[in-house]
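The values are calculated or read from the model by the stated rules, or taken from the named source; none is laboratory data. Model, not experiment: these values are computed from the prediction. All Cβ positions, even for glycine, are placed from backbone atoms using ideal geometry, and neighbour counts span all protein chains on display.
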Ligand code: ATP
Ligand code: MG
């Protein structure tokens, strides 16, 4: 193999990833903000955790038999010998962080947290399925209350709606708890053992049979028709809890569809489980999902801490907006664009731009000594409403030319009056 570093070569983003660039990246930010704003207003505090964690946090927390852990995790061994994994999801990390900082012992439950960031899964790349993707998530830790499950579901449903999405469907189920789940699990195992399944799936029946219900292959799905269903096996407590969640959603005007087969890809869910799906996205229809995970804390060495949460997929929400033809209103980044014609004008306008920025006006500057034609083109492209144009003659008179870019009107303004005049025009 040649190791010739002198030959220039080009680089592309790695397989299964893409770059977010202007102007599309503005939609991405708008989605994040549309989800995050209402969370903050509902008492959720921002949490940020490392991009990698010990592998074991995920193998215990997400589940040994899940696709995420068996196939999709990016793992690495550090020079010091630690086994780390790039985070494939957020819940285990957020709970780990809360437990480590003892947030749950500060006497103010639930601990409500939200997060936003990059996640990594080694998947087969296709539209809407990437190896690096973004989620905004929310977790409410330490309280078992159907109103808390409802709060989170309502916040997510309202966020999709506020973005202008009309075709997001909420699918709902309950997975039972430590009392009723074992009985259901046994019944399901008995049913599954009688099917014609491959070796790996047969192993899964013994480790986590519910996951078989989540198998996406037609050959498996076809055999599941007569499988025992969770809702028929719920204990009275779980049944009442679920009825309460459903009533609260109905009261809030959030429509949902019951799906007794919804089990989700992670092991840690109990009781309420839900998914938001969008039909315009092909096989990658999930735009968000979550549920209650009352046992997760104990699985990662914490105390009993019943909790509920969700994560919404930002990449897929952007695709859903595109599929529905919704454009998010993204205001122009720049209000004022300064065009200096000559050195003296540069020295006068650059400080003026700084002054405007400090006064809260979004301003930009024609860098690189451009001619007037190319500078005015940049001004128009920036979306600015006002151009400030100055040449030597203007400066000799102590003025610059203020041009209203929407009407094309232009008039001279005294240099010291510019900030006032600009603010008046921008309203
Ligand atoms: P899927 O069934 O499509 O694989 P999932 O159940 O693995 O989804 P979650 O772990 O619940 O997904 O993650 C929450 C959300 O994150 C999903 O609803 C989806 O919008 C998004 N998401 C998950 N994996 C990817 C990915 N590889 N690329 C882009 N978005 C993703
Ligand atoms: Mg997946």
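Quick notes on this one:
- Taken over the range 169-184, the residue count meeting the criterion of being closer than 15 Å to residue 149 by Cα and part of a strand (DSSP E or B) is 5.
- Conditions (1) within 16 Å of residue 168 (Cα to Cα); (2) more than 16 Å from ligand 1 (Cβ to nearest atom); (3) surrounded by 21 or more Cβ atoms within 10 Å (Cβ to Cβ); number of the one not met by residue 253: (3)
- Scan of the range 316-331 for residues that are in contact with a helix residue (DSSP H, G or I) (Cβ under 8 Å, 6 or more places away or on another chain) and part of a helix (DSSP H, G or I), ordered by number: 316, 317, 318, 319, 320, 321, 323
- Residue 243 being over 19 Å from residue 88 (Cα atoms), outside any strand (DSSP E or B) and within 16 Å of ligand 2 (Cβ to nearest atom): no
- Here residue 395 passes the criteria (1) free of Cβ contacts under 8 Å to residues at least 24 places away in the same chain; (2) more than 44 Å from the chain's Cα centre (by Cα); (3) closer than 13 Å to residue 349 by Cβ except the one numbered (1).
- Residue within the range 298-305 that is under 19 Å from the mean Cα position of the chain (by Cα), in contact (Cβ under 8 Å) with a residue 40 or more places away in the chain and surrounded by fewer than 22 Cβ atoms within 10 Å (Cβ to Cβ) present: no
- Qualifying position, being in the same structural domain as residue 130 (by TED's automatic domain parsing), surrounded by 11 or more Cβ atoms within 10 Å (Cβ to Cβ) and over 28 Å from residue 124 (Cβ atoms), among 85, 36: 36
- Selection from the range 103-131 of residues that are under 18 Å from the mean Cα position of the chain (by Cα), part of a strand (DSSP E or B) and more than 13 Å from ligand 2 (Cβ to nearest atom): 112, 113, 114, 115, 116, 117, 118
- For the range 281-297, the set of residues classified as within 16 Å of ligand 2 (Cβ to nearest atom) and either in contact (Cβ under 8 Å) with a residue 60 or more places away in the chain or over 19 Å from residue 263 (Cβ atoms) (or both) consists of 281, 282, 283, 284, 287, 288, 290, 291, listed by residue number.
- Only one entry in 275, 251 is more than 18 Å from residue 293 (Cα to Cα) and either in the same structural domain as residue 70 (by TED's automatic domain parsing) or modelled with pLDDT under 95 (or both), namely 251.
- Condition check for residue 366: within 13 Å of residue 334 (Cβ to Cβ) and modelled with pLDDT of 95 or more: yes
- Checked against the criterion of being modelled with pLDDT of 95 or more, closer than 30 Å to residue 127 by Cβ and within 18 Å of the chain's Cα centre (by Cα), the candidates 325, 313 yield just one match: 313.
- Those residues of the range 128-148 which are away from ligand 1 (no atom under 16 Å from the Cβ) and touching a residue at least 60 places away in the same chain (Cβ under 8 Å), in sequence order: 140, 141, 142, 143, 144, 146, 147, 148
- Residue list for the range 257-269, filter: more than 16 Å from ligand 1 (Cβ to nearest atom) and either assigned to a loop (DSSP other than H, G, I, E, B) or not assigned by TED's automatic domain parsing to the domain that holds residue 156 (or both): 260
- Members of the range 39-82 that are within 16 Å of ligand 2 (Cβ to nearest atom), without any contact (Cβ under 8 Å) to a residue 60 or more places away in the chain and either in a loop (DSSP other than H, G, I, E, B) or not assigned by TED's automatic domain parsing to the domain that holds residue 270 (or both): 73, 74
- Cross-chain or 6+ apart pairs with Cβ under 6 Å, the range 324-343 first and in the same structural domain as residue 163 (by TED's automatic domain parsing) and closer than 30 Å to residue 390 by Cβ, then exposed (fewer than 11 other Cβ atoms within 10 Å of the Cβ) and at pLDDT 85 or above: none
- Any hit, the range 380-392, residues being surrounded by fewer than 20 Cβ atoms within 10 Å (Cβ to Cβ), over 27 Å from residue 22 (Cβ atoms) and out of contact with any strand residue (DSSP E or B) (no Cβ under 6 Å at 6 or more places or on another chain): yes
- Members of the range 343-371 found to be over 21 Å from residue 417 (Cβ atoms) and exposed (fewer than 14 other Cβ atoms within 10 Å of the Cβ), listed by number: 343, 367, 368, 369, 371
- None of 135, 100 is assigned by TED's automatic domain parsing to the domain that holds residue 307, out of contact with any strand residue (DSSP E or B) (no Cβ under 7 Å at 6 or more places or on another chain) and either on the phi > 0 side of the Ramachandran plot or modelled with pLDDT of 95 or more (or both) except 100.
- Within the range 39-50, considering residues that are within 14 Å of the chain's Cα centre (by Cα) and surrounded by 15 or more Cβ atoms within 10 Å (Cβ to Cβ), the one farthest from residue 100 (Cα to Cα): 39
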